[in-house]
Amino acid sequence: MSPKEEIDILTAKLHHLNHAYYVLDSSEVSDYEFDKLLLELQNLENKYPQYKHSNSPTERVGGTVTKNFDTVLHKRPMLSLSNTYSMQELYEWDERVKKGLMPLAVDNTPEYICEQKFDGVAISLIYQNGKLSKAITRGDGTKGDDITANAKTIKTIPLQLKGTDWPDEIEVRGEVFFTWQSFDKLNKMQDENGEPPYANPRNTASGTLKLQDSAIVASRNLDCYSYNLLIDNQIFNTHEESINALQKWGFHISPTWKKCNNIDEVWQYINDWEQKRKHLPLATDGVVIKVNKYAHQQELGMTAKSPRWAIAYKYKSESAITELQKVTYQVGRTGAITPVANLKPVLLGGTVVKRATLHNADEIQRLDLHENDYVFVEKAGEIIPKITGIDTSKRSIGANKIQFINTCPQCSTPLVRHADEAAWYCMNETGCQPQILGKIEHFVHRKAMDIDGLGEGKLQILYENKLINNVSDLYALTYENIFGLKKIYTDEDTGKNKEISFQQKTSQNLIVAIQKSTLIPFERVLFALGIKYVGATVSEKLVTYFKSMDNIQNATLEELKNAPEIGEKIAESIYQWLRNDTNIEILSRLRAAGLQFVKEETQILNESNKLAGITMLATGTFEHFSREQIEAKIEANGARLLSGVSAKLNYLVAGNDAGPSKLEKATKLGVTIISEHDFIKMLE
Ligand code: IVH
């Protein structure tokens with residue numbers, strides 16, 4: 001087979017597998033197999049760039065950096081829909097539709113298509129000759145931003161249409177969104193990196209589409225449902241036919257749509273979905289009703305802002321009114337203060353709500369919150385209760401405005417606010433209990449030092465017994481001084497008394513777990529320290545570059561900034577942390593306890609000469625080996641290990657989560673990219 005044929009076949013196969021996996025939710029091959037095929041294609045494309053398809057599946061990994069998005073004019077304006085919240089208005093709309101259709105025509109009864117109103121970000125996708133050529137945000141409806149590079153990373157947006165029966169040019173409208181699952185995953189990452197969580201999936205989807213680095217967009221797993229097809233010379237008669245065609249061409253269509261023969265059936269659909277929608281994988285906020293036949297749509301036309309042939313019925317977001325009892329303030333592990341509204345318990349969407357987040361000082365100001373106000377609470381995105389407004393008519397005369405605190409509620413330290421951040425911080429890192437315990441909690445986390453058996457309650461006991469005040473104290477704990485410690489506390493939600501205690505087995509296990517943690521590799525130790533902005537990925541980058549804590553401690557601010565992918569904010573945070581007396585002391589005690597502060601250099605001596613004369617580099621994480629082991633194997637089998645991707649590099653061994661920038665650079669330089677499996681094969 002010629003290389004061109006091979007590339008064509010692999011490209012088609014990967015487009016097909018991608019569609020099966022992401023759109024149809026069925027995996028035809030294992031992830032490993034998929035990655036292998038993708039690498040194979042990438043290697044062929046490197047060797048024969050002239051045969052690479054412009055919308056190759058290898059484009060999905062991202063790697064393009066856009067400084068400024070171009071503004072482009074929409075070929076057809078992106079209109080909005082008129083909204084209604086009531087049954088009566090919906091029936092009135094149906095009357096208007098019926099009146100608008102020619103009374104004497106044979107076919108003047110409207111059919112309706114009901115769809116969910118997805119709560120995401122509208123997008124316009126242009127396909128030319130079956131290939132995605134442009135993706136544009138809604139913008140002001142007339143012109144939007146060209147976000148093609150970012151849209152290409154969304155796996156449910158086809159890069160190449162399936163089949164052949166599509167017109168030369170089509171425009172597809174759809175909604176880009178986060179599933180609840182991807183949104184939770186993103187927020188878990190934020191938490192692990194010590195960053196505040198994103199509040200709402202829609203705004204986060206919108207922000208993500210405008211990120212400059214498309215590799216980050218790729219990593220966040222956005223999704224897209226398509227719901228409209230626009231063609232200059234329409235080839236279909238109905239919206240229903242269009243949806244079916246879009247599905248056939250490979251677009252992701254929500255299976256929730258339904259054809260209704262009259263407005264009563266529409267009303268039934270709306271009622272059916274009011275509860276059912278809560279089980280959908282994404283946020284929705286209503287139903288969009290569209291007249292099915294294009295001839296009817298044409299006849300009805302549009303007003304200046306919205307088409308007459310469609311309407312959005314919006315569900316009232318469940319809300320309740322209740323009394324604000326007091327505002328309390330939580331202190332996070334980084335010292336950030338979050339105000340919380342404590343409410344008179346109220347039933348909302350099947351659960352009792354007692355608290356709602358107020359986000360930050362600006363939000364209290366924006367709401368103009370007063371003591372004992374009656375507030376409207378809603379479930380924002382159906383999960384976290386949020387205060388959306390105040391019934392000022394119920395405000396008692398002389399009620400005081402809620403004033404944000406200016407000292408820490410736990411340790412009374414004056415709060416400070418950093419430039420360009422909304423949160424106020426307590427800077428008393430070492431003397432403020434929630435910060436102390438929050439930092440230790442982060443340190444023992446499964447992804448950090450992996451010390452099992454130290455939940456919030458147990459940490460509290462150790463702290464109250466003056467056994468721990470910072471992470472280094474963990475290594476001074478002994479079986480004798482923890483065995484038998486206990487505490488009885490009242491569960492806030494149930495009001496019941498509970499006991500937490502260090503019994504024989506738990507005490508033994510904990511001491512063993514602490515000891516075992518001294519073997520945890522340096523990159524995880526660095527992450528465990530909880531330095532602001534130093535998450536798991538940044539830690540790994542720092543360790544790869546600097547190799548040891550000594551080198552990081554000795555680095556100047558400039559040197560830190562110059563390390564690959566370490567920005568100014570991160571560099572400054574590390575530099576300051578390392579120059580704080582308490583941290584210096586903690587570090588020296590952790591060193592004395594035997595923790596790993598040097599990058600593991602696994603030495604495997606002279607295995608063979610099978611790789612003699614070639615240069616290699618490994619990136620990402622692997623199934624059978626650690627990266628250090630792969631690197632050791634590279635050298636032990638005679639190859640030269642390079643420190644970065646350059647024109648001198650022959651092979652890049654790419655594992656899971658391989659750095660997109662490395663892959664991109666390697667691709668550009670024509671370096672052969674191989675998988676862990678290929679690497680093992682080379683040694684056989
Ligand atoms: S059709 C002429 N269908 O709602 C308008 N829009 O207010 C054509 N939306 O900007 C839009 N789900 O972002 C349509 N199934 C759906 C939708 C939907 C959500 C959004 C879309 C649009 C806004 C209109």
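Throughout, read-outs are computed from the coordinates displayed, never taken from laboratory work. Everything numeric in this text was worked out from a predicted model, so none of it was measured. Methodologically, a virtual Cβ is constructed for each residue, glycine included, from the backbone with ideal geometry; neighbour enumeration extends over all protein chains shown.
By counting other Cβ atoms within 10 Å of each Cβ, how are 189, 427 ranked from fewest to most?
If I rank by nearby Cβ atoms, fewest first, I get 427, 189.
Expressed as a whole percent, how much of the Cα-Cα distance distribution for region 277-337 exceeds 12 Å?
The share of Cα pairs beyond 12 Å in region 277-337 comes to 81 percent.
If you average the sequence gap of Cα pairs under 8 Å that are 6 or more apart and divide by the length of the chain, what percent do you get for the contact order?
Reported as a whole number, the value is 10 percent.
Return the ratio Rg/(2.2 N^0.38 Å) for the chain, where Rg is computed over Cα atoms only.
1.12
Tell me which cysteines of the chain come out unpaired when the rule is another cysteine's Cβ under 4.7 Å.
114, 224, 260 - these cysteines have no disulfide-compatible partner (Cβ-Cβ under 4.7 Å) in the chain.
How large is the charge dipole for region 372-477, taken about the Cα centre, if only the Cβ atoms of Lys, Arg (+1) and Asp, Glu (-1) carry charge, to the nearest 20 debye?
The calculation lands at about 280 debye.
Within 10 Å of each candidate Cβ there may be at most 16 other Cβ atoms; applying that plus a DSSP loop requirement, which trypsin sites (Lys or Arg not before Pro) in region 1-92 survive?
Here the sparse-neighbourhood loop sites are 67, 75.
Residue farthest toward the positive end of the dipole of region 263-353, with Cβ of Lys/Arg at +1 and Asp/Glu at -1: which of 345, 273, 324?
Value computed over the given set: 324.
Using modelled backbone amide H atoms (1.01 Å from N, in-plane), which distant-in-sequence or interchain residues come within less than 5 Å of residue 653's amide H?
Amide H to amide H, under 5 Å and 5 or more residues apart or across chains, residue 653 pairs with 617, 618, 619, 674.
Using r as the Cβ-Cβ distance of residue 164 and residue 558, and R0 as 51 Å, what FRET efficiency do you calculate, to the nearest 0.05?
Computed FRET efficiency for residue 164 and residue 558: 0.30.
Quantify how much of the Cα-Cα distance distribution of region 546-684 extends past 24 Å, in percent.
In whole percent, the share of Cα-Cα pairs in region 546-684 beyond 24 Å is 44.
Quick one: check the C-alpha center-to-center distance for region 170-194 versus region 445-522, whole angstrom.
After rounding, the separation between the Cα centres reads 35 Å.
Starting from the Cα of residue 31, step 7 Å along the direction of its Cβ; do the same at residue 48; then give the gap between the two resulting points in nm.
My value for the distance between the label points is 3.1 nm.
With just the Cα atoms of region 314-354, tell me how far they stretch along each of the three principal axes, in Å, largest first.
For region 314-354, the Cα extents along the three principal axes come out at 38, 24, 15 Å.
How far is it, in nm, from the label point at residue 656 to the one at residue 668 when both lie 7 Å from their Cα along the line to the Cβ?
If labels sit at residue 656 and residue 668, their model points lie 2.9 nm apart.
May I ask for the net charge around residue 308, where only other residues with Cβ less than 10 Å from the Cβ of residue 308 are counted and Lys, Arg are +1 while Asp, Glu are -1?
0
Note down the magnitude of the dipole of the chain about its Cα centre, charges +1 on Lys and Arg C-beta and -1 on Asp and Glu C-beta and zero elsewhere, to the nearest 20 debye.
Here the size comes out at about 620 debye.
Determine, for 191, 223, 140, the number of other Cβ atoms within 10 Å of each Cβ, and report the residues in order from fewest to most.
Placing the least packed residue first, the sequence is 140, 191, 223.
Report the net charge of residues surrounding residue 426, where surrounding means a beta-carbon distance below 15 angstrom and charges are Lys +1, Arg +1, Asp -1, Glu -1.
+2
Taking a quarter of the surface of the Cα convex hull of region 180-296, what do you get in nm²?
Quarter of the Cα hull surface area: 9.7 nm².
Per DSSP H run of at least 4 residues, take -39500 (n - 2.57); add these up for the chain, divide by its residues and hand me the 222 nm value, nearest 500 deg cm²/dmol.
That calculation yields -10000 deg cm²/dmol at 222 nm.
Quick check on my link table: of 439/662; 155/665; 185/599; 516/599, which ones sit more than 25 Å apart, alpha carbon to alpha carbon?
Where the Cα-Cα span goes over 25 Å, the pairs concerned are 439/662; 185/599.
Counting other C-beta atoms within 10 Å, and keeping those with at most 16, which DSSP coil trypsin sites (Lys or Arg not before Pro) do you find in region 470-549?
In loop regions of region 470-549 (DSSP not H, G, I, E or B), the sparsely surrounded trypsin sites (Lys or Arg not before Pro) are 496, 547.
Order by neighbour count: 204, 407, 506, fewest other Cβ atoms within 10 Å first, most last.
Going from least to most buried by this count: 407, 506, 204.
For the residue pair residue 515 and residue 399, what label-to-label distance in nm results when each label sits 7 Å from Cα along the Cα-to-beta-carbon direction?
Between residue 515 and residue 399, the simple spin-label model gives 6.0 nm.
When the Kirkwood hydrodynamic radius is evaluated over all pairs of different C-alpha atoms of region 1-77, what value in angstrom, to one decimal, is obtained?
14.3
Over region 1-139, what lengths in whole Å, largest first, do the semi-axes of the equivalent ellipsoid take, defined as the square roots of 5 times the eigenvalues of the alpha-carbon gyration tensor?
44, 20, 16
So if each residue of separation counts as 0.36 nm, and I subtract the Cα-Cα distance between residue 276 and residue 89, what length gain in nm does that give?
Stretched fully, the residue 276-residue 89 segment lengthens by 65.0 nm.
Using Cα-Cα distances under 8 Å and only pairs 6 or more residues apart, what relative contact order does region 118-243 have, in percent?
31
For region 628-677, run through the trypsin sites (Lys or Arg not before Pro) and keep only the ones in DSSP coil with at most 16 other Cβ atoms within 10 Å of their Cβ.
Answer by residue number: 648.
Treating only the Cβ atoms of Lys and Arg (+1) and Asp and Glu (-1) as charged, compute the dipole magnitude of region 324-384 about its Cα centre; round to the nearest 20 debye.
Dipole magnitude for region 324-384 comes out near 300 debye.
Report the relative contact order of region 355-417, percent, no decimals, based on alpha-carbon pairs under 8 angstrom and at least 6 residues apart.
Dividing the mean separation by the residue count of region 355-417 yields 32 percent.
Expressed as cubic angstrom per residue, what is the convex hull volume of the alpha carbon set of region 485-532?
124
Where a ≥ b ≥ c are the square roots of the eigenvalues of the C-alpha gyration tensor, would you call region 423-513 rounded, which needs a/c under 1.5, or, failing that, prolate if a/b is larger than b/c, or oblate?
oblate
Radius of gyration and Dmax for region 104-254's Cα atoms, expressed in Å?
Looking at region 104-254, its Cα Rg and Dmax stand at 17.2, 67 Å.
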